[in-house]
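The values are calculated or read from the model by the stated rules, or taken from the named source; none is laboratory data. Predicted model only: the values in this text are computed from it and were never measured. Don't worry about glycine lacking a Cβ; one is built from the backbone with ideal geometry, like all the others, and counts go over all protein chains shown. The area values use the complete protein model at the heavy-atom level, side chains included, leaving out ligands, DNA and RNA. Shrake-Rupley method; radii C 1.70, N 1.55, O 1.52, S 1.80 Å.
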Amino acid sequence: KVQDIVDVNEYYKELEKYLSCVKTKIDFKPDVAIVLGSGLNKLAKKINVKETISYSDIDGFPISTNKMHAGAFIFGYLGDVPVVAMNGRIHYYEGYSMNQVVSPIRLMKLMGAKKLILSNAAGGISDNLNVGDLMMITDHISSFVPSPLIGPNIDELGTRFPDMTSIYDSEICKKIKNIARENNIDLKAGVYLQTTGPNYETPAEINMYKLLGADAVGMSTVCEAIAAVHCGFKVCGISCITNKAAGITGEPLSDEEVDVAASKASDKFCLLIEELVKRI
């Protein structure tokens, strides 16, 4: 059932209930949290898994309805590092409130994670981006989706007016660049813009986003990054460019195209993230 929790105390109690439910299934404190975007779930096979918990097994937790998102938390180790990975995320276009969309991010923080790696499949706007490229997110534009911080502030999570000058941690970004260089990965960098979805953008909208300074566009990630900074995460983000944005090639867009392109880029994505987890 899609229902917003508007009372801030009730919402925080709901987060604590999710945490208690998880703890009954596994006693595990992750250091790094990872969100796996569309077609990028191959990384899950690299994890030495200790437990997998479906979102549907957590009472009241929002459930992913996108067929490309498994909808489960994976607990385990990448190398020696304890991680929790979201194999599929919650999207605003599924009909959930922004509070519900970012609940998994807040829950992973309550679990004990300190660093957050966000990933997504994105449409390339910049002429510099081609299908199959990985783009490190250096900044984002959030103006086209509601902020997840609207409403009474949850003081237990963070301050009322969090600074967003440096959302994507500079030290982690340096490590990402170094790993890419050492492994001959052609890593791009740019600004990501989130729309609500689920429809793809029009060519006119893409032209507008380009004028605003966006290099890539998608239907997730920005709201998660805002909530993550609010609750104290160190954040980084990687976009896999799965298609040229609407109007650039003249071809129609489809989710099948996104999945195929992301799968082809997944090997270098896995290598990048595996090495990054070891270094942060």
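Mind checking whether some residue in the range 28-39 is charged (D, E, K, R) and either out of contact with any Pro (no Cβ under 8 Å at 6 or more places or on another chain) or open to solvent by less than 20 Å² (accessible area, probe 1.4 Å) (or both)?
Kept after step one, since they are charged (D, E, K, R), are these residues of the range 28-39: 29, 31.
Narrowing the set further to residues that are either out of contact with any Pro (no Cβ under 8 Å at 6 or more places or on another chain) or open to solvent by less than 20 Å² (accessible area, probe 1.4 Å) (or both) leaves none.
No - not one qualifying residue is present in the range 28-39.
Applying the selection to the range 1-23, what residues are at pLDDT 95 or above and either open to solvent by less than 10 Å² (accessible area, probe 1.4 Å) or under 29 Å from residue 273 (Cβ atoms) (or both)?
Matches in the range 1-23: 15, 18, 19, 21, 22, 23.
Whether any residue in the range 75-86 is open to solvent by less than 30 Å² (accessible area, probe 1.4 Å), assigned to a loop (DSSP other than H, G, I, E, B) and out of contact with any Phe, Trp or Tyr (no Cβ under 7 Å at 6 or more places or on another chain) is what I want to check.
No, every residue in the range 75-86 fails to be open to solvent by less than 30 Å² (accessible area, probe 1.4 Å), assigned to a loop (DSSP other than H, G, I, E, B) and out of contact with any Phe, Trp or Tyr (no Cβ under 7 Å at 6 or more places or on another chain).
Return only the number of the condition from (1) open to solvent by 50 Å² or more (accessible area, probe 1.4 Å); (2) without any contact (Cβ under 8 Å) to a residue 60 or more places away in the chain that residue 152 does not satisfy.
(2)
Take the residues of the range 207-245 that are more than 18 Å from the chain's Cα centre (by Cα) and modelled with pLDDT of 95 or more: which is surrounded by the most Cβ atoms within 10 Å (Cβ to Cβ)?
209
Consider residue 194 against the criteria (1) in contact (Cβ under 8 Å) with a residue 60 or more places away in the chain; (2) closer than 18 Å to residue 227 by Cβ; (3) crowded, with 16+ Cβ neighbours inside 10 Å: it satisfies all of them except one. Which criterion is unmet?
(1)
Which condition number in (1) in contact with an Asp or Glu (Cβ under 8 Å, 6 or more places away or on another chain); (2) hydrophobic (A, V, I, L, M, F, W, C); (3) in a loop (DSSP other than H, G, I, E, B) is the one that residue 214 fails?
So residue 214 meets the others, but not (1).
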